[in-house]
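Trainee: This is the structure I have questions about; it appears just below.
The values are calculated or read from the model by the stated rules, or taken from the named source; none is laboratory data. This one's a predicted model, so the numbers in the text were calculated from it and none came from an experiment. Here the Cβ positions follow ideal geometry from the backbone for every residue, glycine too, while neighbour counts run over all protein chains shown. Accessible surface areas use protein heavy atoms only, side chains included; no ligands, DNA or RNA. Shrake-Rupley method; radii C 1.70, N 1.55, O 1.52, S 1.80 Å.
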Amino acid sequence: MFAKLFLEGRPDEVKAQARRLADGQSVLDAVRDQARKMKHDLGALDREKLDEYFTSVRELEQRLAQAAAWSKKPKPKVNAKPPVNIQNSADLVGKTRLWFDLIHLALQTDSSRLITLQLLGTSNVPPIPGVNQGHHDLSHHGQDPAKIAQLKILELEKLKTLRDFLIQLRATKEDGESLLDRTTVFFSSNLGDASKHSVKNMPVLLAGGAFRHGQHLAFDENYHPPLCDLYVSMLQRMGIAADKFGSGNATLTGLEMRG
């Protein structure tokens with residue numbers, strides 16, 4: 001990923017990439033022609049399925065076009081050394097720190113303005129003192145106090161990587177503002193209680209983006225605004241004129257912009 005973002009390819013590498021992209025486009029052209037000929041002989045349901053297929057083809061074409069543009073684009077120069085991959089697959093904290101360092105560089109150099117990172121919890125035992133089980137196993141703790149205590153140790157270490165990432169953003173200036181103020185960071189889990197696979201009362205942390213922070217917005221787990229209301233707030237903060245998103249049709253109650 002570092003090489004893709006910041007290292008210029010040799011001329012022969014750039015040409016080879018262009019050839020691969022052109023080959024991919026040629027394959028799509030052939031597939032599209034065949035599908036069009038077949039469409040006339042299909043029933044309504046099959047035509048609907050074929051339209052879904054065409055949508056997938058168009059999306060792939062867009063990704064090919066983006067890849068072609070990126071292969072020709074001059075890469076930003078950074079002082080950072082290429083990261084050394086951590087060979088221990090169980091070291092989820094170390095790997096997470098590497099990803100956050102890359103994300104910081106990508107934002108700092110304007111290589112991307114939208115980044116999604118999924119942090120997986122495996123059954124491998126991480127090299128953390130006081131922890132002798134994997135994150136996935138500990139998250140299914142069944143209210144066992146010993147497992148919960150280990151889970152707390154592990155997740156505190158993970159959250160320290162997020163803390164350090166936010167500190168990096170705050171220390172980086174862009175047009176007289178901190179990069180943290182110009183970046184909205186959304187951090188959450190896919191479950192509120194992994195032990196029961198419950199999605200109720202999910203923990204959500206929002207940082208940056210010039211929102212008014214330093215508060216905990218607590219809602220009744222049975223009578224609460226949809227999480228999508230938060231997404232509406234985030235979209236509006238980015239200047240997107242959205243008044244609804246998914247199940248959300250308003251901004252999140254209690255979340256305000258900094259004055």
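Trainee: For the chain, set up a Gaussian network in which alpha carbons nearer than 10 Å are linked by springs, and say which option among R47, R237, R97 fluctuates the most.
Mentor: Between R47, R237, R97, it is R47 that shows the largest mean-square fluctuation.
Trainee: With N set to the residue count of the chain, report its C-alpha Rg divided by 2.2 N^0.38 Å to two decimal places.
Mentor: With N residues counted in the chain, Rg over 2.2 N^0.38 Å equals 1.26.
Trainee: Moving on to the next point. Around D164, with a cut-off of 12 angstrom between Cβ atoms, what is the net charge of the other residues, counting Lys and Arg +1 and Asp and Glu -1?
Mentor: +3
Trainee: Just to confirm a number: summing +1 for Lys and Arg and -1 for Asp and Glu over residues other than A44 whose beta-carbon lies under 15 angstrom from that of A44, what do you get?
Mentor: Taking every Cβ under 15 Å from that of A44, the sum is -2.
Trainee: On to the next question. Which of T116, A194, S247 sits farthest toward the positive end of the charge dipole of the chain, with +1 on the Cβ of Lys and Arg and -1 on the Cβ of Asp and Glu?
Mentor: Going by the Cα projections, it comes out as T116.
Trainee: With a 10 Å cut-off between alpha carbons and a GNM built on the chain, which of L179, L206, L92 moves the most?
Mentor: L206
Trainee: Of K37/K72; K200/K244; K158/K196; K4/K152, which sit over 31 Å apart, Cα to Cα?
Mentor: Check vs 31 Å cut-off fails for K37/K72; K4/K152.
Trainee: Oh, and also: State the answer as a single residue: which of Q133, H104, F2 lies farthest towards the positive end of the charge dipole of the chain, with beta carbon charges of +1 for Lys and Arg and -1 for Asp and Glu, about the Cα centre.
Mentor: Checked the options; the winner is F2.
Trainee: Given +1 on the Cβ of Lys and Arg, -1 on the Cβ of Asp and Glu, and no further charges, what dipole in debye does the range 140-197 carry about its Cα centre, rounded to the nearest 20?
Mentor: 200 debye
Trainee: Also: Report the semi-axes of the equivalent ellipsoid for the range 62-101 in whole Å, largest first, where each axis is √(5λ) for an eigenvalue λ of the Cα gyration tensor.
Mentor: Three semi-axes, in Å: 28, 15, 8.
Trainee: Also: Please give, to one decimal in nm, the separation of the simple spin-label points placed at L64 and R47, each 7 Å out from Cα toward the Cβ.
Mentor: Roughly 2.6 nm, to one decimal.
Trainee: Excluding ligands and nucleic acids, what accessible area in Å² is computed for V57 using a 1.4 Å probe, to the nearest 10?
Mentor: Rounded to the nearest 10, the figure is 10 Å².
Trainee: Once you have a ≥ b ≥ c as the square roots of the Cα gyration tensor eigenvalues for the range 196-259, tell me rounded if a/c is under 1.5, and otherwise prolate or oblate according to whether a/b is larger than b/c.
Mentor: oblate
Trainee: Find out how many positive minus negative residues lie around P127, taking Lys and Arg as positive, Asp and Glu as negative, among other residues whose Cβ is under 11 Å from that of P127.
Mentor: My count for the surroundings of P127 gives -2.
Trainee: Based on Cβ point charges of +1 for Lys and Arg and -1 for Asp and Glu, what charge dipole magnitude is obtained for the chain about its Cα centre, in debye rounded to the nearest 20?
Mentor: 740 debye
Trainee: Any chance you could check the Cα centroid distance between the range 139-180 and the range 198-229 for me, in angstrom?
Mentor: Using only Cα atoms to place each centre, the spacing works out to 17 Å.
Trainee: Further, regarding this structure: Which three extents, in angstrom, do the Cα atoms of the range 118-227 have along their principal axes, listed largest first?
Mentor: That works out to 49, 39, 21 Å along the principal axes.
Trainee: Same structure, new question: Considering only L117, L154, L166, give the residue with the highest GNM mean-square fluctuation for the chain, with springs between Cα atoms whenever their separation is below 10 Å.
Mentor: Highest fluctuation among the options: L117.
Trainee: Against the longest alpha carbon principal axis of the chain, how many degrees, from 0 to 90 and to the nearest 10, is the axis of helix 11-39 turned?
Mentor: Between the helix axis and the principal axis of the chain, the angle is about 70 degrees.
Trainee: Sticking with this one: Compute the Cα gyration tensor for the range 31-168, then decide on rounded, prolate or oblate, letting a ≥ b ≥ c be the square roots of its eigenvalues: rounded whenever a/c is under 1.5, prolate when a/b is larger than b/c in the other cases, and oblate in all that remain.
Mentor: It comes out oblate by the Cα gyration axes.
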